[in-house]
Amino acid sequence: MYEITVIPGDGIGNEVMEAAINILDALDIDFNFTYAKAGDDCLEETGVALPDETLELVKASDACLFGAAGESAADVIVKLRQSLKLFANLRPVKSYPGTKALFDNLDIMIVRENTEGLYKADTEEETEEGAIAKRIITREAEERIIRYAYEYAKSNGKTKVAGIHKANVLKKSDGLFKKILYEVGEEYKNQGIETDDFYVDATSMYLITRGSEFEVIVTTNLFGDILSDEGAGLVGGLGLIPSANIGENNGLFEPVHGSAPDIAGKGIANPIAMILSAKMMLDYLGEKKEADRLENAILKVLSEGKDVTPDLDGNSSTMEMSEAIKKAL
Ligand code: ATP
């Protein structure tokens with residue numbers, strides 16, 4: 001029995017979460033779902049966007065499914081990531097049929113370091129001339145993320161890890177990242193995993209010109225942030241892109257999209273990003289067989305293209321699409 005904290009949050013977060021839970025309930029796995037509050041509505045109701053009870057609940061559970069938070073997103077998701085020490089952000093770039101993916105042969109996992117780099121809190125300062133932002137690269141955090149990427153490759157049958165950096169200019173910080181990449185890569189060589197490295201500027205082009213050659217990408221915080229949004233654009237838009245945030249003891253799974261106030265309450269949000277986030281949770285929990293079964297059901301519904309939401313040129317509702325996937329299971 002897995003203990004799962006469910007935070008639907010705001011706007012379409014509620015709708016896509018209902019669609020995802022509907023499907024998880026149909027799998028051959030025992031879950032105990034506990035619903036918790038966070039986000040704008042919670043702030044209005046309780047005075048805080050992320051109540052302590054919610055945080056404690058997430059800490060004590062095996063995983064957390066998160067829908068979306070509106071204006072208060074930074075207070076909610078950033079705080080959750082920090083409190084739970086969610087050091088790895090996983091963003092798949094995978095082409096699915098029946099979508100507006102620009103290429104039909106992409107299958108990349110971007111593994112982004114999520115605790116330091118240029119986004120480490122409180123390292124920006126104002127100066128007389130303007131402002132300075134420091135970029136923090138520690139051996140510990142970079143080795144942890146690089147090792148995570150190789151372990152991910154190993155357990156998912158991948159054969160290549162590419163480290164992305166700018167070591168020609170950032171000689172000390174990214175020089176260290178590159179050095180660690182090859183040190184760790186050496187350990188995985190005889191396990192059938194190759195190591196490569198590319199500059200981040202070149203990579204932003206390669207994703208377009210030869211994206212199908214990448215399998216697992218590992219990179220620092222800011223570069224990962226940018227490349228994963230480029231990846232989202234390559235495979236067809238916000239309603240489809242899931243993400244995982246992994247820590248030493250917890251995993252938090254959420255769609256990349258926000259609360260989408262423009263379509264909230266209409267029942268037309270595409271539930272795929274949330275359902276694929278749930279699929280990533282199944283992978284994280286080691287439930288590979290059910291994760292694959294769920295992905296195949298999604299593939300079936302997308303390729304038939306008949307029970308899909310308006311953003312995919314269909315006229316089904318969020319729950320109708322969820323029901324179709326459940327049936328395809
Ligand atoms: P927030 O302030 O919560 O981030 P937002 O509207 O600024 O909300 P998103 O929620 O990411 O940002 O939405 C951006 C656009 O993408 C909106 O037009 C929205 O309708 C569309 N969109 C986002 N998610 C979905 C979805 N699941 N299905 C269909 N359209 C979506």
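The values are calculated or read from the model by the stated rules, or taken from the named source; none is laboratory data. In this text the structure is predicted, and so the values were computed from the model without any measurement. Because the Cβ atoms are built from the backbone with ideal geometry, glycine has one as well, and the counts that use them run over all protein chains shown.
For this structure, a couple of remarks:
- Of all the residues in the range 35-72, those that are surrounded by fewer than 21 Cβ atoms within 10 Å (Cβ to Cβ) and within 26 Å of Asn270 (Cβ to Cβ) number 5.
- Taking (1) more than 16 Å from the ligand (Cβ to nearest atom); (2) of a type outside the set (Ser, Thr, Tyr); (3) closer than 21 Å to Ile263 by Cβ in turn, Ala69 satisfies each apart from (1).
- Verdict on Gly233 being assigned to a helix (DSSP H, G or I), within 10 Å of the ligand (Cβ to nearest atom) and modelled with pLDDT under 95: no
- Meets criteria (within 30 Å of Tyr2 (Cα to Cα) and in a helix (DSSP H, G or I)) for Ser204: no
- Hey, Val16 part of a loop (DSSP other than H, G, I, E, B) and among the β-branched types (Val, Ile, Thr) or not: no
- Test: residue in the range 204-227 that is under 22 Å from Ala167 (Cβ atoms) and within 16 Å of the ligand (Cβ to nearest atom): yes
- Candidate set: the range 204-221, residues that are of a type in the set (A, V, I, L, M) and either over 19 Å from Phe87 (Cβ atoms) or at pLDDT below 95 (or both); chosen: the one surrounded by the most Cβ atoms within 10 Å (Cβ to Cβ): Leu207
- Only one of the listed residues (Leu299, Leu294, Leu234) is surrounded by fewer than 23 Cβ atoms within 10 Å (Cβ to Cβ) and over 16 Å from the mean Cα position of the chain (by Cα). That residue is Leu299.
- One residue stands out in the range 237-275 among those that are within 10 Å of the chain's Cα centre (by Cα) and part of a loop (DSSP other than H, G, I, E, B): the one that is farthest from the ligand (Cβ to nearest atom), namely Ile241.
- Flag for Glu186 being exposed (fewer than 13 other Cβ atoms within 10 Å of the Cβ) and either within 22 Å of the chain's Cα centre (by Cα) or charged (D, E, K, R) (or both): yes
- Count - residues of the range 184-212 that are without any contact (Cβ under 8 Å) to a residue 12 or more places away in the chain and under 22 Å from Ser155 (Cβ atoms): 3
Yes/no per residue for (1) farther than 27 Å from Leu285 by Cα; (2) aliphatic (A, V, I, L, M); (3) in contact with a Gly (Cβ under 7 Å, 6 or more places away or on another chain):
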| site | (1), (2), (3) |
| --- | --- |
| Leu86 | no, yes, yes |
| Thr99 | yes, no, yes |
| Phe103 | yes, no, yes |
| Gly130 | yes, no, no |
| Lys154 | no, no, no |
| Ile164 | yes, yes, no |
| Ala167 | yes, yes, yes |
| Lys179 | yes, no, no |
| Val184 | no, yes, no |
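- Filtering the range 293-329 to residues that are within 16 Å of the ligand (Cβ to nearest atom), in a helix (DSSP H, G or I) and aliphatic (A, V, I, L, M) leaves Ile298, Val301, Leu302, Leu312, Met319, Met321, Ala324, Ile325.
- Candidate set from the range 184-201 (those that are part of a helix (DSSP H, G or I) and touching a helix residue (DSSP H, G or I) at 6+ places or on another chain (Cβ under 8 Å)); member that is farthest from Ala232 (Cα to Cα): Glu187
- Test result for Val58, away from the ligand (no atom under 15 Å from the Cβ), modelled with pLDDT of 95 or more and part of a helix (DSSP H, G or I): yes
- Among (1) in contact with a strand residue (DSSP E or B) (Cβ under 8 Å, 6 or more places away or on another chain); (2) away from the ligand (no atom under 16 Å from the Cβ) - the single one Glu290 does not satisfy: (1)
- Residues of the range 76-123 satisfying the condition of being under 18 Å from the mean Cα position of the chain (by Cα), polar (S, T, N, Q) and in a loop (DSSP other than H, G, I, E, B): Ser95, Asn114, Thr115
- Search result, residues across the range 121-152 that are under 19 Å from Asn245 (Cα atoms) and touching a residue at least 24 places away in the same chain (Cβ under 8 Å): Ala121, Ala141, Glu142, Glu143, Arg144, Ile145, Ile146, Arg147, Tyr148, Ala149, Tyr150, Tyr152
- Among the residues making up the range 124-152, those that are small (Gly, Ala, Ser) and not in a helix (DSSP H, G or I) are Gly130, Ala131, Ala133.
- When Gln191 is tested against (1) within 16 Å of the ligand (Cβ to nearest atom); (2) surrounded by fewer than 20 Cβ atoms within 10 Å (Cβ to Cβ), only condition (1) is not met.
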